[in-house]
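To start, the structure under review is shown below, and the notes come after it.
The values are calculated or read from the model by the stated rules, or taken from the named source; none is laboratory data. A quick note: this is a predicted structure, and the numbers were derived from the prediction, not measured. Cβ placement follows ideal geometry from the backbone for every residue including glycine, while neighbour counts extend to all protein chains displayed. Areas reflect the complete protein model, heavy atoms only, side chains present, ligands, DNA and RNA absent. Shrake-Rupley method; radii C 1.70, N 1.55, O 1.52, S 1.80 Å.
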Amino acid sequence: MTNLFILLALVSFPALAQFNGSVEFTPQEISQHHLDVETLVPTVVNCLKRDLKTHKDFHRRYGISAFYGDQSAFARMTIDQRKAELKRLGVPTSLVTRIQPTSCVGLARKCMAEGFAAVGKNDTWKKIDTFLLANDLDGTSLQEALRKLGWKTLFWNPDLSQNAAWDEEEKLKDPTNVKRFWGYHAYRLITIQRKGMYYFNKVDDATSLVNFNRTLPLNFKAVPLFIGTAHTGFHVFPGYNGTVIEGHSVRHITSPTMIETSEFNPLKPGGGPQGLPYRSGLFSVPPGYGY
């Protein structure tokens, strides 16, 4: 452990900051949500699967995705520039009106909205989404709102003994953290152990999803829907039964992995979440599913 993290382990922590604004639910909303998840969960999962299939089918036919990253170069183009780009790629320019934006949090947000709509709770989702927008679409704010509705927040980290090494590796890749992908793995563990908090999030379970290495606990595979975040909300990845489906905000429209799926298994080659090496974070799981 570096001197920095030895120091962090010795100091007392000041009161943690808070999310922007707040989100609250009535006892009636919470109890009803416990009943609604039976319909909400499969609706969200079907939405995730549908966007994945749409992407794959579209890419197979045209060589481009049916989605573009909302932070990509394509997103910054005018309609005429997008048409010119499609023409350069040799695909019909008429497709410009069929291609939709996506991102990691955007995919989760879209499908959760469908789930709440399916149970007639658009107003409840509006409260959640307003809170999410007030916090710059940070996935951990979505998890905080879901916790207040009765979801459980679980800390995940496949190998706690590697925290210091991972922190050093991430600092070497980006010394000033300009890309904001540091996981602060050692520090987050300390705040969980001392205060039961990961950043601004209260953690309900800090033991069930740690030190699993490459063998995911079977009870997590039984969870029919989850909303995951990595590296303090830097990445958001929804999924079901141990399978991740995630969108990407900066990939080129020709990418075959604009929306992709993988087994949640961060240390296993090919395991998700995909993109950067993601080593720790939070999961939200619906009420009534084992945690």
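General remarks:
- 1.4 Å probe accessible area per residue over the chain, in Å²: 46 Å²
- Heavy-atom accessible surface of ILE79, to the nearest 10 Å², is about 90 Å², with a 1.4 Å probe and all protein chains retained.
- Helix-derived mean residue ellipticity, 222 nm - over the chain, DSSP H n ≥ 4, -39500 (n - 2.57), to 500: -13000 deg cm²/dmol
- Between the exposed loop cleavage positions of the chain, defined as trypsin sites (Lys or Arg not before Pro) in a non-H, G, I, E, B DSSP state with at most 16 neighbouring beta-carbon atoms within 10 angstrom, the longest gap is 1-97.
- Residue-by-residue Karplus 3J(HN,Hα) for region 221-238, coefficients 6.51, -1.76, 1.60, Hz, glycine and proline x: 5, 7, 6, x, 7, 9, 10, x, 10, 10, 6, 6, x, 4, 10, 10, 9, x
- Shape analysis of region 168-291 places it in the oblate category; the axes a ≥ b ≥ c from the Cα gyration tensor give an a/c of at least 1.5, with a/b not above b/c.
- Fraction of alpha-carbon pairs over 13 Å apart in region 193-258 - percent: 75 percent
- Contact order relative to length of region 171-237, as percent, for alpha carbon pairs under 8 angstrom and 6 or more apart: 30 percent
- Alpha carbon convex hull of the chain, projected area averaged over orientations, nm²: 16.0 nm²
- Centroid-to-centroid separation of region 134-198 and region 238-290 [C-alpha atoms, Å]: 16 Å
- Inter-site label distance for GLU38 and ALA73 at 7 Å from Cα along Cβ, in nm: 5.2 nm
- Helix 139-148 vs. the chain, principal-axis angle (Cα, 0 to 90°, nearest 10): 60 degrees
- Cβ-based net charge around VAL119, under 11 Å, with every Lys or Arg adding one and every Asp or Glu removing one: -2
- Nitroxide proxy distance, nm - points 7 Å out along Cα→Cβ at ASN177 and HIS252: 3.2 nm
- Solvent-accessible surface (1.4 angstrom probe) belonging to ASP204, in square angstrom, nearest 10: 60 Å²
- Carbon plus sulfur fraction of accessible area for region 111-267, probe 1.4 Å, in percent: 52 percent
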